[in-house]
Amino acid sequence: MSNNPHGPTRGLLLMVVAPSGVGKTSLTRRLVADHNDLHLSISATTREPRPGEHDGRDYHFVTRERFQEMIAQDAFLEWAEVYGNFYGSPRAPIMDALGRGESVLFDIDFQGAMKVHAQASQDSVLVYILPPSLAEMSRRLHARSQDSEEVIHRRLSRAKDEVADWERFDYVILNEDFDRAYSDLAHIYHAERQKRVRNPWIGNLVADLLKEEI
């Protein structure tokens, strides 16, 4: 719940997009840990958990049958099939958080971010994280040993396509130095939270100020 003493605020949908291996997950997890008014949107997926991942914390791991049921129930704000697996953002918890004046962070792919933005353009903020180079991105993908050579090649090709659309984003951050990239991301979040359109209580405060005798 928003704890602004002056009145209610409206949250935002912060969508952070980056190719695999660029450090997006580390950046977004730290941002959520440092801000109690920001919550991570936990996606549902049909893929198998990776080492160290837990159901309900990293993803909601569901069967393909259950995912299809949720599609039929219009339970997703967005969903897509990526590399043979389904991913989707459950609608209800996202909209509930916005209604409470809280913000939601999406660790999301390019197409998903565009779909959410199309439905909620006034509430959404688009941030793209750039790698220092595709060579460094390739090195990181090989180092984590989670994908085949074919999948890594597809990820690199897709990254080039996404980078070409950088102008569709509100902000672009270069993750060459993690601390600098995190500082940039945190400043973006703070500035967006302070926007006039997300703080309707300012109008009443200004009206009261103008009534004061000096």
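The numbers here are math on the coordinates, done by the rules we state, and not lab data. Only a predicted model underlies this, so the values are computations on that prediction, with no experimental measurement involved. Counting neighbours? That spans all protein chains shown, and the Cβs are built from the backbone with ideal geometry, glycine included.
Ordered by the count of other Cβ atoms within 10 Å of each Cβ, fewest first, 153, 39 give 153, 39. Exposure proxy ranking for 28, 45, 63, based on other Cβ atoms within 10 angstrom of each Cβ and starting from the fewest, stands as 63, 45, 28. Hey, what angle do you get for helix 149-163 against the long axis of the chain, alpha-carbon based, 0 to 90 degrees rounded to 10? With both axes taken from Cα atoms, the answer is about 30 degrees. Where Lys and Arg each count +1 and Asp and Glu each count -1, what net charge lies around residue 61 among other residues with Cβ under 14 Å from its Cβ? Every neighbour counted, the sum reads 0.
Can you tell me the orientation of helix 24-34 relative to the chain, as the angle in degrees between its alpha-carbon axis and the longest Cα principal axis, to the nearest 10? Around 30 degrees separate the two axes.
Once the Cα atoms of helix 201-211 and of the chain are each reduced to a long axis, what angle between those two axes, in degrees from 0 to 90 to the nearest 10, is obtained? Between helix and principal axis, roughly 20 degrees.
When DSSP beta bridges are limited to those with both residues in segment 13-195, what percentage is antiparallel, rounded to the nearest 5? Roughly 30 percent of the beta bridges in segment 13-195 run antiparallel, per DSSP.
What is the local net charge at residue 78, summed over the other residues whose Cβ is closer than 15 Å to its Cβ (Lys, Arg +1; Asp, Glu -1)? My count for the surroundings of residue 78 gives -3.
If you plug the beta carbon distance of residue 80 and residue 143 into 1/(1 + (r/R0)^6) with R0 = 22 Å, you get a FRET efficiency near 0.25. From its DSSP helices (H runs of at least four residues, each -39,500 (n - 2.57)), the chain gives a residue-normalised ellipticity at 222 nm of -13000 deg cm²/dmol. Taking 18 Å as the cut-off, the amide N atoms of segment 181-206 that come nearer than this to a point 7 Å along the Cα-to-beta-carbon line of residue 33 belong to 181-187.
Residue-normalised convex hull volume from the C-alpha trace of segment 4-133: 124 Å³ per residue. Assign one of three labels to segment 85-214, namely rounded, prolate or oblate, based on the Cα gyration tensor with a ≥ b ≥ c the square roots of its eigenvalues; rounded applies when a/c is under 1.5, prolate when it is not and a/b is larger than b/c, and oblate otherwise. Here segment 85-214 falls in the prolate category. Protection proxy ranking for 200-209, 161-170, using the average of other Cβ atoms within 10 Å per residue and placing the highest first: 161-170, 200-209.
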